[in-house]
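The values are calculated or read from the model by the stated rules, or taken from the named source; none is laboratory data. A quick note: this is a predicted structure, and the numbers were derived from the prediction, not measured. A quick note on method: Cβ atoms are made from the backbone with ideal geometry, for glycine too, and the neighbour counts reach across all protein chains shown.
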Amino acid sequence: MMSTEAMKSLLKERGKLVESYLATCLDGQEMPPRLRESMLYSLQAGGKRLRPVLCLSCAALCGLKPEDVLPFASAIEMVHTYSLIHDDLPAMDDDDLRRGKPSNHKAFDEATAILAGDALLTDAFAHMCRVELPAGQVLRAVAEFARAAGSSGMVGGQEWDMLYTGLPPVSMAELRRVHAMKTGALLRASCVCGALLAGA
């Protein structure tokens with residue numbers, strides 16, 4: 001059984017792997033400089049990197065080296081980052097700050113923030129396909145993650161969250177549904193995808 005300290009050390013080590021990948025993930029891509037700056041502004045704003053670390057760890061539990069799935073795991077963080085950019089927009093949660101810094105739409109502008117989020121989401125799937133593993137395993141993992149990020153997962157959960165805002169108190173079942181979709185779906189998929197990439 002792993003000690004708490006050993007687990008923290010492992011999580012930190014795998015988080016650094018993700019950070020190093022994210023630092024260069026846009027290199028070599030042709031795009032407007034302001035769009036790149038906006039994407040990197042949010043992508044490198046810190047955070048626990050929990051979702052990609054879960055993916056790396058579940059892949060390792062099933063026999064792969066974390067490096068084998070690093071592009072896929074890091075792409076999960078790209079999708080999470082897109083969701084935060086859009087979540088902060090005036091039409092959604094209307095937040096001026098994210099992790100103690102101006103939200104993307106405050107640091108840049110609303111249109112650039114929307115496009116940065118769109119680009120991170122779309123580019124993420126290209127990064128997922130960069131893993132050098134059997135195509136069937138990659139395809140299953142991509143499909144699993146797309147479901148978790150889309151209308152029956154994170155996006156659907158965000159819509160429920162907005163629909164319930166300002167209404168009388170919701171039931172515990174409704175609250176659970178929001179959290180299971182908006183937050184839980186990506187956390188679960190991060191683990192499942194790590195295992196699927198390993199052929200589990």
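Could you please give the count of residues in region 167-188 that are surrounded by 13 or more Cβ atoms within 10 Å (Cβ to Cβ), among the aliphatic types (A, V, I, L, M), free of Cβ contacts under 8 Å to residues at least 60 places away in the same chain and part of a helix (DSSP H, G or I)?
5
On the basis of being among the hydrophobic types (A, V, I, L, M, F, W, C), assigned to a helix (DSSP H, G or I) and over 21 Å from Ala189 (Cβ atoms), does Ala60 make the cut?
Numbers: among the hydrophobic types (A, V, I, L, M, F, W, C): yes; assigned to a helix (DSSP H, G or I): yes; over 21 Å from Ala189 (Cβ atoms): no.
Here the answer is no, as Ala60 does not meet what is asked.
Which of the residues that make up region 114-128 are within 16 Å of the chain's Cα centre (by Cα) and of a type outside the set (Val, Ile, Thr)?
Ala116, Gly117, Asp118, Ala119, Leu120, Leu121, Asp123, Ala124, Phe125, Ala126, His127, Met128
Within region 139-170, how many residues turn out to be touching an Asp or Glu at 6+ places or on another chain (Cβ under 9 Å) and of a type in the set (A, V, I, L, M, F, W, C)?
2
Is it true that Ala111 is over 13 Å from Phe72 (Cβ atoms), among the small types (Gly, Ala, Ser) and without any contact (Cβ under 8 Å) to a residue 60 or more places away in the chain? First the steps, then the outcome.
Values: over 13 Å from Phe72 (Cβ atoms): yes; among the small types (Gly, Ala, Ser): yes; without any contact (Cβ under 8 Å) to a residue 60 or more places away in the chain: yes.
Against the criterion (over 13 Å from Phe72 (Cβ atoms), among the small types (Gly, Ala, Ser) and without any contact (Cβ under 8 Å) to a residue 60 or more places away in the chain), Ala111 qualifies.
Taking region 88-108, which residues are within 29 Å of Val142 (Cβ to Cβ), touching a Lys or Arg at 6+ places or on another chain (Cβ under 9 Å) and in contact (Cβ under 8 Å) with a residue 60 or more places away in the chain?
Asn104
Residue by residue through region 138-163, note down the ones that are of a type in the set (S, T, N, Q) and surrounded by fewer than 18 Cβ atoms within 10 Å (Cβ to Cβ).
Ser151, Ser152
Taking the residues in region 8-34 that are closer than 24 Å to Ile114 by Cβ and surrounded by 17 or more Cβ atoms within 10 Å (Cβ to Cβ) as candidates, determine which candidate is nearest to the chain's Cα centre (by Cα).
It comes out as Leu22.
Could you check, for region 89-99, whether at least one of its residues is out of contact with any Asp or Glu (no Cβ under 9 Å at 6 or more places or on another chain) and either in a helix (DSSP H, G or I) or of a type in the set (Val, Ile, Thr) (or both)?
Looking for residues that are out of contact with any Asp or Glu (no Cβ under 9 Å at 6 or more places or on another chain) and either in a helix (DSSP H, G or I) or of a type in the set (Val, Ile, Thr) (or both), one finds none in region 89-99, hence no.
Would you pick out the residues in region 67-100 that are surrounded by fewer than 22 Cβ atoms within 10 Å (Cβ to Cβ) and more than 26 Å from Leu56 (Cβ to Cβ)?
Selection gives Leu89, Pro90, Ala91, Met92, Asp93, Asp94, Asp95, Asp96, Leu97, Gly100.
So how many residues does region 1-49 have that are under 19 Å from Glu67 (Cβ atoms) and in a helix (DSSP H, G or I)?
Taking region 1-49 and keeping what is under 19 Å from Glu67 (Cβ atoms), we get 9-25, 27, 49.
This time we only want the ones that are in a helix (DSSP H, G or I), so: 9-24.
Going through region 1-49 one residue at a time, the tally reaches 16.
For Thr112, indicate whether it is closer than 19 Å to Val155 by Cα and either among the basic types (Lys, Arg) or crowded, with 18+ Cβ neighbours inside 10 Å (or both). Quick ask: steps written out before the conclusion?
Working: closer than 19 Å to Val155 by Cα: no; either among the basic types (Lys, Arg) or crowded, with 18+ Cβ neighbours inside 10 Å (or both): yes.
It is false that Thr112 is closer than 19 Å to Val155 by Cα and either among the basic types (Lys, Arg) or crowded, with 18+ Cβ neighbours inside 10 Å (or both).
Can you name the residue in region 73-129 that is among the acidic types (Asp, Glu) and in contact with a Ser or Thr (Cβ under 8 Å, 6 or more places away or on another chain) and is also modelled with the highest pLDDT among such residues? Outline the logic, then answer.
Kept after step one, since they are among the acidic types (Asp, Glu), are these residues of region 73-129: 77, 87-88, 93-96, 109-110, 118, 123.
Imposing the further condition that a residue be in contact with a Ser or Thr (Cβ under 8 Å, 6 or more places away or on another chain) reduces the set to 88, 95-96.
Values: Asp88: 95, Asp95: 89, Asp96: 92.
Restricting to residues being among the acidic types (Asp, Glu) and in contact with a Ser or Thr (Cβ under 8 Å, 6 or more places away or on another chain), the top hit is Asp88.
Quick one: which of Val131, Val138 is within 20 Å of the chain's Cα centre (by Cα) and part of a loop (DSSP other than H, G, I, E, B)? Spell out how you get there, then give the answer.
Working: Val138 fails: part of a loop (DSSP other than H, G, I, E, B).
On inspection, the qualifying residue turns out to be Val131.
All but one of (1) touching a Lys or Arg at 6+ places or on another chain (Cβ under 7 Å); (2) surrounded by fewer than 16 Cβ atoms within 10 Å (Cβ to Cβ) hold for Cys129, so report the exception by its number.
Tallying (1) touching a Lys or Arg at 6+ places or on another chain (Cβ under 7 Å); (2) surrounded by fewer than 16 Cβ atoms within 10 Å (Cβ to Cβ), Cys129 fails exactly one: (1).
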